[in-house]
1. I'm trying to understand the selection: among the residues of the range 117-136, which are assigned to a strand (DSSP E or B) and in contact with a Phe, Trp or Tyr (Cβ under 9 Å, 6 or more places away or on another chain)?
2. Right, E365: within 28 Å of A326 (Cβ to Cβ) and open to solvent by less than 80 Å² (accessible area, probe 1.4 Å) or not?
3. Are any residues in the range 209-221 at pLDDT 95 or above and either in a loop (DSSP other than H, G, I, E, B) or open to solvent by 10 Å² or more (accessible area, probe 1.4 Å) (or both), and if so, which ones?
4. With the checklist (1) in contact (Cβ under 8 Å) with a residue 24 or more places away in the chain; (2) more than 16 Å from R465 (Cβ to Cβ) in hand, flag the one item W394 doesn't pass.
5. Consider the range 336-365. How many of its residues are without any contact (Cβ under 8 Å) to a residue 40 or more places away in the chain, touching a Ser or Thr at 6+ places or on another chain (Cβ under 9 Å) and not in a loop (DSSP other than H, G, I, E, B)?
6. Of all residues in the range 289-340, which are of a type in the set (G, A, S) and farther than 30 Å from W483 by Cα?
7. Any idea which of V410, V478 is at pLDDT below 95, out of contact with any Gly (no Cβ under 6 Å at 6 or more places or on another chain) and not charged (D, E, K, R)?
8. Can you work out which of the residues in the range 262-298 that are more than 30 Å from P333 (Cα to Cα), touching a residue at least 24 places away in the same chain (Cβ under 8 Å) and of a type in the set (S, T, N, Q) is surrounded by the most Cβ atoms within 10 Å (Cβ to Cβ)?
Amino acid sequence: MLLGKRQRGIALTGILLVIVSYYYFHLLESHPQVNQNSLEPSPRLAWKGKTDDVVTPTASLPQESWTNAAQKPTPLGTSTPISTSPGFPTVSTSDVLLIFKTGASTIWKRMPLHLTTTLSNGRFPNVAVYSDLEEPLSSNISSVDVLADVSEAIKAYDRPAYESYRELRNPQGINTYREYGLLPGDESTDVLPGSPPGWRLDRYKFIPMLTHAQRNWPDLKWYIYIEDDSFLFTDNLLDYLSNLSPDATPAYYGAYSGEGNDTFAQGGSGIVFSRSLMRSVFGGKNIPTLEEYGNYTSNSCCGDIVLGKVLRDHGIFVNERTYGTASFRPEPPWRTGFDTSMWCEKVFSFHHLHQRDLVELDLFEKAAKRPVIFRDVYEKFIAQHIAVGQRAGWDNFATKYEVTSNTTTVPLASSVESDRPALKAAFESPQACKQACLGLEECLGWRHDSAKKICKLDTVAKLGRETDPQPKWEEKTVITSGWMVERIEERLMGDRCDGKGS
């Protein structure tokens, strides 16, 4: 009897060991992060720094012939898993290449904070920072001098831009800094009349930049481009892309700009290129070059316009010939015109941001419990400042309608008969301008210029900012701006967007 009990005990112990072993190995199989230390590093994440480093090329990251060692891509860290909560994307940042465009004149003013916000914790495993000068930003990322192999083409079409490029490498400037940080060694602003050197060079970066990106990251699904003064709401954009095919008809998406057949995506708002576009345009047999587009580029103000021309020549139009989404913003939140059409939509980006804006938006996004929509941005950054109703010495950039002593652009059909006298007198004073806005049902904001005697009205809620100091030779004026707070509360804030934006 005793022997039987012992045998039963041994048998039960064996069964328990089998169950524990099964669940242990099943857990590892289902959750490989439990044993992260045993994983081999991905070849795509290998550092390709100095030319004398031994790097084994892979099929997904081929060797290439760029002359400058630092022009080789500099991937970062490892991918951080994206939340799988409702409303968040199921795609990973490892599916995209994040492209930053910067320049020697702005890189040290703008890029360092991106290292602790946009690029923190290795969120994007594939990153390329394109500039007009090779410079290390950290121990594991450097900017790529994307103009190194095209400088002769720039020289042929734009001698001043070429001289600016050469000057960046002048050894005399070793202790001259372009951050303008009010410190000894700042480059004098007197050398920057008219168009700054960095701006002259900027338009030449787009074609070689995308060619380089396709050559070094040929297999990714999407290529997301932003500028060094932009902020990207990553989860929102990835969720948007999860509903699109990267291998369908070549396409790119962004803030619609231009008219007719001269449309393009505004660069600073962010642009997304599909894999099919990158392969067909920048990886095919007839890759566009600056030799081909040098004359057009030299006569254009901006690189995004040049890019639009290149893509139209390949039969590709921004947002597939539609206006597309309003979620790519070409301005900061305080310059954004909030209205019902975008109120409950997800935000993808903001542009023209200062460093404080960048940090505030990063903290805001990280604290969000659901996808960030425009209503959230308004409530967090705008509402409390508009609540005062009226500000003198403040410009809210109201622009849609204008009233002067002898003209008005307000359609008569927009106001009832009894309001026309108020509209005609709107230019006379801030109070008269406000009354005109009250009489116009769709008006949410107004702006009065005391010297020019102009009243401007708008149908969006826009915060604006303090007016700049006037030059001594200008006639002194006071800009007064105001908002229809009750209307904004009713028409915008009254919509809680329940179930929307998720």
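The values are calculated or read from the model by the stated rules, or taken from the named source; none is laboratory data. Note that the coordinates shown come from a computational prediction; the quantities given were computed from them, not determined experimentally. With ideal geometry, Cβ positions are generated from the backbone for all residues, glycine too; neighbour counts draw on all protein chains shown. Heads up: the accessible areas ignore ligands, DNA and RNA and are worked out on the full protein's heavy atoms, side chains in. Shrake-Rupley method; radii C 1.70, N 1.55, O 1.52, S 1.80 Å.
1. V127, A128, V129, Y130, S131
2. So E365 fits the description; yes.
3. T211, Q214, R215, W217, P218, L220, K221
4. Result: W394 passes all but (2).
5. Counting residues in the range 336-365 that are without any contact (Cβ under 8 Å) to a residue 40 or more places away in the chain, touching a Ser or Thr at 6+ places or on another chain (Cβ under 9 Å) and not in a loop (DSSP other than H, G, I, E, B) gives 1.
6. Hits for the range 289-340 are G294, S298, S300, G303, G308, G315.
7. V410
8. Taking the candidates together, the pick is T297.
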